[in-house]
Amino acid sequence: MTLIQKQFFALVQSGLWGTTADVTLFDIQTDWQQLYQSAKVQALLGIAFDGMQTLPQELRPKRDLYLKWCNTVLQVEENNHILNQEIAKVFTLYRANQIEPVLLKGQGVALNYRNPLHRQCGDIDLYIGPKNYEKANKLLRQESTSEHEENHKHTCIHWHGVDIENHRVLSRLSSPSSDRSFQQEIARWHGTSACRNLEIEGYPVTLPPLSFDAAYVLMHSALHFLNEGIGLRQVCDWANILHARREEIDLKETAKLLQEWGLSKAAKIFGVVAVNYLGLPIEELPIPYTEKDIKTGEWLLNDIWQGGNFGKFDQKRKQRPKGYWRGKWYTFTRAGQRCREFGALAPAEARWSPLMLAVHSAQVQWNKLLNRI
């Protein structure tokens, strides 16, 4: 591991868990510009900033970079506040129309962080289910400014300045047997008292059951890794839910779900990164890794380090071409290449993923054609 990496992980661990960063790794020659860039690439500027704050004044970045970093973190906080306010508004709208959405990932996961406002946020994902899906879309469209292409799982609507994804299907696994187990588990808890009720900035929201959520956060990251790549923030999300909810979570239930979904190997490999690089206690993993998994975990970390958040910073990655079909072909071939290269992470998913990607794309085009007739 390079010095920059050692320094970076010292800052991240400090920011995640509230410990003091190892001062022996830093001196007046520390390349803070590179550390800032690494945190940006991994979508961890707020977390690394918290870690940097534990260092003595003389070891911190120079004034210009420090102020730049401060302003960036303030913007992260503001973006989180905006998203939290819009979550309250959309939940209020849906509940007034007898729809109870379930908040997925994002701001729900942020609640597990020591400082939720310092997790870099994105959009709002809501599981609606098939029954109220069209009704929910219609409600948002009354005040929307734009809309992305609908796929087989969800519609993304730009509403009050933020993107909201209404999910008809919570998610899908490519392996038919794994997906069958996944969908059965969702049907078991959706619309029941098994869901969790938590507050985001004082407003009550509904989240999936905890054991399911811990498995789902890992599943979502593993699928993104196979298709396009992920940043370290996704591993932090998983580590935080396991650590913050360690007194409540049923790790045996989470492990059972991961096994049924064909993600035992992924859990072990992600566990290597979470424990050895992020500092998560090994006993908090649902499926402990073995000695032979460590090298694969290092391979995972290397891809994360090179590619950054959703693989966008990979220097080897070709730019997505313009044009609908050329873009689709690019997505398909990139996913196929990554599944061949990194299939050991989740073998069944890697085998089925390219086929199901093609099937789902064909379904979207067929539905478009039917709507035109």
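General observations
- Kirkwood estimate for the chain, i.e. one over the average of 1/r between Cα atoms, Å: 21.7
- Using distinct alpha-carbon pairs, which all enter the 1/r mean, Kirkwood radius of the stretch 196-272 in Å: 13.1
- Angstrom value of the Kirkwood radius, inverse mean 1/r, which spans all Cα pairs in the stretch 242-288: 10.8
- Taking Cα atoms only, the orientation of helix 32-41 departs from the longest principal axis of the chain by about 10 degrees.
- Per residue solvent-accessible surface (Å²) - the chain, probe of 1.4 Å: 47
- Listed pairs LYS40/LYS89; LYS6/LYS252; LYS268/LYS295; LYS40/LYS292 exceeding 22 Å between Cα atoms: LYS40/LYS89; LYS6/LYS252; LYS40/LYS292
- Loop GluC sites (Glu not before Pro), the stretch 217-280 (other Cβ atoms within 10 Å of the site Cβ: 11 or fewer; DSSP): GLU247, GLU248
- Computed [θ] at 222 nm, deg cm²/dmol, the chain (DSSP H ≥ 4; -39,500 (n - 2.57); rounded to nearest 500): -18500 deg cm²/dmol
- Binning all Cα-Cα separations of the stretch 200-244 at 10 Å, short to long from zero, yields these whole-percent fractions: 25, 46, 26, 3.
- For PRO209, neighbours were defined as the other residues whose beta-carbon sits under 12 Å from its Cβ, and their charges (Lys and Arg +1, Asp and Glu -1) total -2.
- Candidates per GluC sites (Glu not before Pro) in the stretch 120-162, loop by DSSP, up to 13 other Cβ within 10 Å: GLU143, GLU149
- With Cα atoms, 0 to 90° folded angle of helix 210-227 axis to the chain main axis: 90
- Rounded to the nearest 10 square angstrom, MET1 shows an accessible area of 120 square angstrom against a 1.4 Å probe.
- The stretch 63-152: trypsin sites (Lys or Arg not before Pro) falling in loop per DSSP and having at most 13 other Cβ within 10 Å: LYS131
- Annotation: aspartates and glutamates with alpha-carbon distance below 12 angstrom to LYS131 (same-chain offsets under eight excluded): GLU100.
The values are calculated or read from the model by the stated rules, or taken from the named source; none is laboratory data. Just so we're clear, the structure is a prediction, and the values are computed from it rather than from any experiment. Methodologically, a virtual Cβ is constructed for each residue, glycine included, from the backbone with ideal geometry; neighbour enumeration extends over all protein chains shown. Ligands, DNA and RNA are stripped out before the accessible areas are found, and what is left, the full protein with its side chains, is counted by its heavy atoms. Shrake-Rupley method; radii C 1.70, N 1.55, O 1.52, S 1.80 Å.
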